[in-house]
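Note sheet for the following structure.
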Amino acid sequence: MSLSTASHSHPKASSPLSSDPSDLSNLSYLSYPSDKSDKSDRSDPSDQSDQSAFDDNSLALRELSLDRMFPRIRPEDYQLYIARSLEIGRTAAATYLGRPPRDIAELLKVRIVYFDAELQGAFAARSEYDSGTQTIALYRYSIAALQARLNEFGMQTDQTAAADIHIAHELFHHLEATLLGRVDHRLPSVSVWTCGSFRLGRAPIRRCREIAAHKFAKDLLGLPFLPNALDLMMEVGPKTFYIAELGVCV
């Protein structure tokens, strides 16, 4: 497994999914809202009547549902975890708006390294953050596979831009470790086991960390959706894109 330091030639801080970040016409098949107003943080994520499968609440709810403790969350509390996680990510990103993620990494003294290893699967398999060494690891082949899939969907991007999405995501985890504290520790824990009124043990909702990191990356880079949408794109091809849990087909 070879190791190399990331290049310090920085692209402009614009959306890496399009040559013109103001033109989202090539993303229309993703059901992204046609206007630019922020419809992504609606009050009720369970209300699908006026929201797309790619707005912040829908994607955050999908991320939340992957938590091992999700069955322990009361449905009426979904919005609490989603809204507060999104807000933490949004607030953190506001400090760094306009800066490319590699510049931010340099500012925060975070090292970026690349591994020539072929990994498959979810977002974390393409990048990870090590708080002990304050290092972001990126996996070349997995990011190349992501770039190829984005191109299949008609999105113009390159490996540097695809990597920047992951750098931004992992930078948030660095901020958690050094400044903000873990997001899941700032939100209510849930009972691990209950029997009537008897409760045994508590556990945090760890996926709230990912929701906040996705929001940080989205706002920092001006993406049209939370980056966990990329995992959906990796799972299926553009001609069979079906999100069963959200009840939409695009």
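Tabulated data
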| item | result |
| --- | --- |
| Ranked by how many other beta carbons lie within 10 Å on average, peptides 133-142, 104-113 from highest | 133-142, 104-113 |
| Extended-chain gain in nm, criterion 0.36 nm per residue less alpha-carbon gap, residue 66 and residue 186 | 41.3 nm |
| Ranked packing of 87-94, 223-230, most packed first, by mean Cβ within 10 Å | 223-230, 87-94 |
| Extension gain from residue 80 to residue 108, taking 0.36 nm per residue of separation minus the Cα-Cα distance | 7.0 nm |
| Distant-in-sequence amide H partners of residue 156 (H built 1.01 Å from N, under 5 Å) | 19 |
| FRET E, pair residue 206, residue 151, Förster distance 25 Å, beta-carbon r, rounded to 0.05 | 0.20 |
| Ranked by how many other beta carbons lie within 10 Å on average, peptides 159-171, 74-86 from highest | 159-171, 74-86 |
| Linear extension gain, residue 95 paired with residue 179, 0.36 nm per residue minus alpha-carbon span | 29.0 nm |
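Since every read-out is calculated from the coordinates, none of them should be taken as a lab result. Predicted, not measured: the structure shown is a model, and the values here were computed from it. Neighbour counts run over all protein chains shown; Cβ positions are idealised from the backbone, glycine included.
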